[in-house]
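Accompanying notes for the structure given below.
Nothing in this text is a laboratory measurement; each read-out follows from the coordinates by a stated rule. Fair warning: this is a prediction, and the values are worked out from it, not measured in the lab. In this analysis, Cβ positions are derived from the backbone assuming ideal geometry, glycine residues included, and neighbour counts consider all displayed protein chains.
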Amino acid sequence: MSSAARARLGAALASVTFIAAIFAWTPAAADDEADRNAAVAAATQEATQWLAALDAHRYADSWTEAAAVMKTGHTQEDWVRDIGTPREALGKSLIRELKRAEYSTVVRGAPEGKYVTAAYLTQFSNAPPAIETILVVLEDGRWRIGGYSIERAPGPATPPSAKDQPGASPKPKAKE
């Protein structure tokens, strides 16, 4: 094949690729993305309001607003006891920032559905920074909390004390 023929073939393939890209990005794809963005916004708003209930020690209310999947195997009394004691120890929520929110239709161990996982970096008055992760599920046309976990946020390790520093020598003893 001559170089001119190769050039024409390359141009034709580029045109076909461009046309295929146009058809791949249809209004339906844009609608899907808009729907996902709207879902993430609504779900994170629900998660933020639910966390506010925890912050206000309204643990029974947080249970009432939870999805059926979160209530399976637990009673409201269990929830109030199990969440209340650790949350009280953390102290007041001083700062909370949404760090990540992801939409999915599949969550391990759950049926196919519409889910948003939201992760918040939270600073409490009596604890180091924590990551609060909330699974929000669309249930009966409403976003509800399907799961909650809290763990210490990754951060710099505690610096070693002076005596543990490489090359550190013990303090001389005071003369008597």
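Annotation: amide H of Ala153 within the under-5 Å range of Ala130, Ile131, sequence separation 5 or more or interchain, hydrogens built in the peptide plane. Amide hydrogen proximity for Tyr148: with H placed 1.01 Å from N in the peptide plane, the residues at 5 or more positions away or on another chain lying under 5 Å are Leu135. Measuring spread by the Cα atoms of the stretch 31-134 yields a radius of gyration and Dmax of 14.7, 45 Å. Ordered by the count of other Cβ atoms within 10 Å of each Cβ, fewest first, Asp55, Asp35 give Asp35, Asp55. Shape call for the stretch 35-87 from the C-alpha gyration tensor, a ≥ b ≥ c root eigenvalues: rounded (a/c under 1.5), prolate (a/b greater than b/c) or oblate? Taking the square roots of the gyration eigenvalues as a ≥ b ≥ c, the stretch 35-87 is oblate.
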